[in-house]
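The values are calculated or read from the model by the stated rules, or taken from the named source; none is laboratory data. Remember, it's a predicted structure, so these values are computed and weren't measured experimentally. FYI the Cβ positions are ideal-geometry reconstructions off the backbone, even for glycines, and counts take in every protein chain you see. Just the protein is used for accessible areas: all its heavy atoms, side chains included, with ligands, DNA and RNA removed. Shrake-Rupley method; radii C 1.70, N 1.55, O 1.52, S 1.80 Å.
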Amino acid sequence: MTRRLLLIGAFPVLSLACIEAPSPAGPALEVAIAPLTLSDVADACYGLTVYNTPRASIGPGAVVWTQPSLCASRFGDGEGGLTYVGTCDASPSGRINTVALVLNGLCATAGCDVANAADPRTLPVARYQNPCPSTRPCLLERPCSENADTQVEFNLTVMRAANQGFFDIAVNFEDVFCSAKLDCVPELLHRPGGARDLTAVLGFACTSGADETCLYATRVVLDCGGDNVWTVDPSAGPGNIAESSPLLFGAATYAGDEAFTAFDKSYWNIALGLDAERFAAYPNCTLRWTTTASEDPLTSQSTPLGTTYPFIQWERQIITNGALTCGSHPLNTVAAGETLPSVATRYTEVDQPEAFPFTNCGTAQPPTCACPAGFAPNLAGTACERVIPTVTAPTQTLDVCDGATLQGLGYSYLGANFAATWDPATFEASSGNNACANQPPSVCLNRTAGWVDYLSGVGIWACGDRGPLGFEMAPYQTWIGFSRCVTLASAGDYLVGIAGDNRVRLLVDGVQVYQSVSGVNFYAWNVSRIPLTAGTHIIEVYGLNTDTLASFGAEIYGPFAPGTVTTPFQMATTLVPPVASNLVVFSTRDLRPVNGVPVATFESGLGNDNPYGYSCPEGFAVDLCGTTPTCTHAGLAEAACLAL
């Protein structure tokens, strides 16, 4: 390992300050943190870790060095400013290193113990939103080169609780105080020509000491799964506006300013009339909106590059299984039945600014582009861009180990079932009964030679203590999995083999191909066909364990000429174990430990509250092909404007 010095700077404020540090001899890693401008902050303490790998694969084995506690009172100016010099790994030269910054805590009085919540000198965590907590450090990737200094600057904005609230709870964006909420009220908007009815209200208001408070917003998104995604233009109106969702009976926007003696208060509120009679047709719907604010106009209506800038995010499943699941949701408050607040403060990644197509600052421009569902106008208003959600990052890491081995009347003891379609009812084993045996050969065909106990050889699950009898295999009731980019040289038909104890799910480019129904689908190795184009595809495989033993596995075989593996008989006679290695284009077998040492981690999960991996909404793939995890959509990224 070649060690080189790396320059790191972190600034926990919007306005940057310059800090001069001694120039070390040779390449240097320098942490420079500017003083906080918050009046009651006397000291700040941080943790720093440098990894010799991109952010997607950081872990204990990649640590170059770590300093868990660095306070400005010792390493800086005593008010948040801090300088630190360390090293990075330059083998080979240009190697990507990741720097992780954690804000451990703030002190109202210098010399406090930030690890001791009872220390009266600490600034209570309830009074500010930590942009870089230990569960989600601020990360920056930088190349570490031989004979060259590398400088990394973290620019942090600390979001602090305010003493006043316009709706329920307020937060401070530096010198801008904001509040937000989501309420579903029984009667507010009028039905066309009728009485008031059920309405969802998204409230957003901010004030600053300046003459103008700038508000920024995205389109409001109502996502009911698949192609049933509709957006509402918050800049339309004010008052009643046109909307296209069959789930809404109306919509309205309200925006303006309230004059205070020394403050300018701006508000931007959205009301959506919910048609309860349509809930059965759209039984699961999520409401999303993102806003931010500033004292001065943001350049290009985008948060600053190199800054962890705060924003407010609405994300609430308002309809679940055809019933209303929306009540009163104040900012940063976890309601009953929630694990995360539905309206919450978030921070941008340091190197991933957030753009907002709508603002109340500057001259209002009439809309020039109408877009289909799932799209929003670009900033220039010349075309429609697909609305891309933000990937949800993991808070815990699980290494991949071999799955359980259940022989006898266990894993794929019935052999392999080759099915004409991906309908689980036609080929999944259930309660020990081989469903394929009850189907005609044109629908499903069973083969045992070479396929018995196949899952035991390719299955995986999380490492960890499995108890004295080896039957305890956590986590339970949680989808864990991985995302892999597979590049196919040729288009054609491919065969997929898959099974899981107790559940397994396969997605290709964000589209679900298969999800098991039976909890004992693992009695057979389930095989069917999928046509794929040449090029790179995102393959996601997930497993879920309900109790005791666990394992899931999948393989993709091909390519095969179109028409040669269409029927179950063609599949069974073409794919015969041992499968030639040149036909296996993907296998979970490759993720299993080598000589007992784990070589992979579970890096994606299903559900926004899943702590074990990156996750994206339905219809979007978890894309880990590049250095930055993103959500991608297999459909068009851009569409033409519709006629206004």
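Restricting the range 484-497 to residues that are surrounded by fewer than 19 Cβ atoms within 10 Å (Cβ to Cβ) and of a type in the set (A, V, I, L, M), the residue that is farthest from T536 (Cα to Cα) is A491. Taken together, the residues in the range 463-477 that are at pLDDT 85 or above and either more than 20 Å from P611 (Cα to Cα) or among the β-branched types (V, I, T) (or both) amount to 0. With the structure loaded, tell me whether S456 is open to solvent by less than 30 Å² (accessible area, probe 1.4 Å), of a type outside the set (V, I, T), touching a residue at least 12 places away in the same chain (Cβ under 8 Å) and not in a loop (DSSP other than H, G, I, E, B) or whether it fails that test. Taking the combined requirement at face value, the residue satisfies it. D465 meets the conditions (1) touching a helix residue (DSSP H, G or I) at 6+ places or on another chain (Cβ under 9 Å); (2) of a type outside the set (A, V, I, L, M, F, W, C); (3) farther than 30 Å from G226 by Cβ in every case but one. The failed one is (1). Of all residue pairs spaced 6 or more apart or on separate chains, those with beta-carbon atoms under 8 Å, a first member in the range 462-486 that is within 19 Å of T632 (Cβ to Cβ) and touching a residue at least 60 places away in the same chain (Cβ under 8 Å) and a second member that is open to solvent by 50 Å² or more (accessible area, probe 1.4 Å) and outside any strand (DSSP E or B) are C485/C625. All conditions in (1) out of contact with any Phe, Trp or Tyr (no Cβ under 9 Å at 6 or more places or on another chain); (2) farther than 30 Å from P629 by Cα; (3) surrounded by fewer than 15 Cβ atoms within 10 Å (Cβ to Cβ) hold for P441, with the sole exception of (1).
If the condition is being closer than 20 Å to S490 by Cβ and open to solvent by 20 Å² or more (accessible area, probe 1.4 Å), then the range 504-529 contributes D509, V513, R529.
Look at A252 and say whether it is touching a residue at least 24 places away in the same chain (Cβ under 8 Å) and either crowded, with 19+ Cβ neighbours inside 10 Å or polar (S, T, N, Q) (or both). In short, yes. Only residues that are of a type in the set (G, A, S), part of a strand (DSSP E or B) and modelled with pLDDT of 85 or more were counted in the range 193-239, giving 3.
Checked against the criterion of being under 19 Å from A600 (Cβ atoms), open to solvent by less than 20 Å² (accessible area, probe 1.4 Å) and over 23 Å from the mean Cα position of the chain (by Cα), the range 467-483 contains one or more residues that satisfy it. Number of residues in the range 39-54 that are out of contact with any Phe, Trp or Tyr (no Cβ under 6 Å at 6 or more places or on another chain) and under 30 Å from P124 (Cα atoms): the value is 11. Within the range 329-340, does at least one residue satisfy the condition of being in contact with a Cys (Cβ under 7 Å, 6 or more places away or on another chain) and not charged (D, E, K, R)? Taking every residue of the range 329-340 in turn, none turns out to be in contact with a Cys (Cβ under 7 Å, 6 or more places away or on another chain) and not charged (D, E, K, R). Whether any residue in the range 275-283 is over 26 Å from the mean Cα position of the chain (by Cα) and free of Cβ contacts under 8 Å to residues at least 12 places away in the same chain is what I want to check. The answer is yes, given that some residue of the range 275-283 is over 26 Å from the mean Cα position of the chain (by Cα) and free of Cβ contacts under 8 Å to residues at least 12 places away in the same chain. Those strands (runs of 3 or more DSSP E) of the range 303-397 in which at least 1 residues are modelled with pLDDT of 80 or more and crowded, with 17+ Cβ neighbours inside 10 Å, considering only elements entirely within it, cover 310-320, 328-330, 343-347. Within the range 505-525, is there a residue that is under 17 Å from A419 (Cα atoms), in contact (Cβ under 8 Å) with a residue 40 or more places away in the chain and touching a Cys at 6+ places or on another chain (Cβ under 9 Å)? Scanning the range 505-525 turns up at least one residue that is under 17 Å from A419 (Cα atoms), in contact (Cβ under 8 Å) with a residue 40 or more places away in the chain and touching a Cys at 6+ places or on another chain (Cβ under 9 Å).
Within the range 564-616, being aliphatic (A, V, I, L, M), touching a residue at least 60 places away in the same chain (Cβ under 8 Å) and within 22 Å of R484 (Cβ to Cβ) holds for L575, V585, L591, V599, A600, L606.
Has the range 261-270 got at least one residue that is touching a Gly at 6+ places or on another chain (Cβ under 6 Å) and open to solvent by 10 Å² or more (accessible area, probe 1.4 Å)? Scanning the range 261-270 turns up at least one residue that is touching a Gly at 6+ places or on another chain (Cβ under 6 Å) and open to solvent by 10 Å² or more (accessible area, probe 1.4 Å).
Table: residues versus (1) under 28 Å from the mean Cα position of the chain (by Cα); (2) modelled with pLDDT under 95; (3) of a type in the set (F, W, Y); (4) surrounded by 13 or more Cβ atoms within 10 Å (Cβ to Cβ).
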{"residue": "T548", "(1), (2), (3), (4)": "no, yes, no, yes"}
{"residue": "A561", "(1), (2), (3), (4)": "no, yes, no, no"}
{"residue": "P578", "(1), (2), (3), (4)": "no, yes, no, no"}
{"residue": "N582", "(1), (2), (3), (4)": "no, yes, no, no"}
{"residue": "E603", "(1), (2), (3), (4)": "yes, yes, no, yes"}
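Of everything listed in (1) touching a Gly at 6+ places or on another chain (Cβ under 7 Å); (2) under 30 Å from R142 (Cα atoms), the single unmet condition for S551 is (2).
Condition check ((1) of a type in the set (A, V, I, L, M, F, W, C); (2) open to solvent by 40 Å² or more (accessible area, probe 1.4 Å); (3) within 18 Å of D399 (Cα to Cα)) across all residues:
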{"position": "I556", "(1), (2), (3)": "yes, no, no"}
{"position": "T574", "(1), (2), (3)": "no, yes, no"}
{"position": "G596", "(1), (2), (3)": "no, yes, yes"}
{"position": "P611", "(1), (2), (3)": "no, no, yes"}
{"position": "P629", "(1), (2), (3)": "no, no, no"}
{"position": "H633", "(1), (2), (3)": "no, yes, no"}
{"position": "A637", "(1), (2), (3)": "yes, yes, no"}
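May I ask you to list the residues in the range 438-453 that are assigned to a loop (DSSP other than H, G, I, E, B) and either within 38 Å of the chain's Cα centre (by Cα) or at pLDDT 90 or above (or both)? Correct list: P440, P441, S442, V443, T448, A449, G450, W451, V452, D453.
In the range 110-122, the residue that is least open to solvent (accessible area, probe 1.4 Å) out of those that are among the aliphatic types (A, V, I, L, M) and over 13 Å from C71 (Cβ atoms) is A118. Might you check whether a residue that is closer than 26 Å to F522 by Cα and either among the β-branched types (V, I, T) or at pLDDT below 95 (or both) occurs anywhere in the range 621-638? Yes, the range 621-638 contains at least one residue that is closer than 26 Å to F522 by Cα and either among the β-branched types (V, I, T) or at pLDDT below 95 (or both). Here the condition is being open to solvent by less than 60 Å² (accessible area, probe 1.4 Å) and closer than 23 Å to Y347 by Cα; of T299, T290, T199, T231, it holds for T290 alone.
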